[in-house]
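I have placed the structure first, in the form of structure tokens, so that the comments after it can refer back to it.
Readers should treat all values here as calculations from the given coordinates under stated rules, not as data from a laboratory. Being a predicted model, the structure only gives us computed values, none of them experimental. With ideal geometry, Cβ positions are generated from the backbone for all residues, glycine too; neighbour counts draw on all protein chains shown.
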Amino acid sequence: MTTEHRSPCPISSFLDLWGDRWTLIIIRDMLVGKRRFSDLEAGNEHVPPSILADRMKKLIALGVAERVQYQDKPPRYEYHLTAKGTALRPVLIAMGDWSEEHLPDRWHTPDWFRAGRHAPGRD
């Protein structure tokens, strides 16, 4: 997948890929262990299914996620982050740190997320 970048600035290029309302939320949910479309759709932010499908195609095309079949009949799939996708964890942690410091009454980034583990109760 080729993406048009507005400038050679790395921050601008990052925002060209990830600066929409939903993509980093989907990656966050995948980092905590959500793998199935229905689990991603049911998150706190309620990503609309058409947008979720579009973003998953984008993540796969960028090599950030992969679709893995887990059942033959009927065919069912899970989505897994690649190493390129899991490399976004420090970015999300930094965003959480900024929010904790500057936005009152927000959740705190859990220690298990900082440590690179899934949410309790997930693989």
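What FRET efficiency comes out for residue 38 versus residue 83 if R0 is 22 angstrom and r is the Cβ-Cβ distance? Round to the nearest 0.05.
Numbers: r = 25 Å, r/R0 = 1.15.
Taking R0 as 22 Å, the efficiency between residue 38 and residue 83 is 0.30.
Can you order the peptides 60-72, 32-44 by their average number of other Cβ atoms within 10 Å per residue, highest first?
So the order, starting with the most tightly packed, is 32-44, 60-72.
Enter the Cα centre distance for the pair the range 16-39 and the range 55-107, rounded to the nearest angstrom.
The range 16-39 and the range 55-107 have Cα centres spaced 4 Å from each other.
When the Cα atoms of the range 10-84 are enclosed in a convex hull and the volume is divided per residue, what value in Å³ results? Present the calculation step by step, with values, prior to reporting the outcome.
Numbers: hull volume 7.2 nm³, N = 75.
Spread over its residues, the Cα hull of the range 10-84 gives 96 Å³ apiece.
Given a Förster distance of 30 Å, report the FRET efficiency between residue 54 and residue 119 from their Cβ-Cβ distance, rounded to the nearest 0.05.
Values: r = 25 Å, r/R0 = 0.83.
My answer for the efficiency is 0.75.
Enumerate lysine pairs in the range 21-123 that are 8 or more residues apart or on different chains, then count those whose Cα atoms are under 19 Å apart.
Values: 34/57; 34/58; 34/84; 57/84; 58/84.
The result is 5.
Which length gain, in nm to one decimal place, applies between residue 13 and residue 70 when the Cα-Cα distance is subtracted from 0.36 nm times their residue separation? Walk me through the numbers on the way to the answer.
Details: separation 57, 0.36 × 57 = 20.52 nm, distance 3.43 nm.
Full-extension gain reported as 17.1 nm.
Set Lys and Arg Cβ to +1 and Asp and Glu Cβ to -1, take the dipole of the range 1-68 about its Cα centre, and tell me which of 68, 26, 38 lies farthest positive.
Result: 68.
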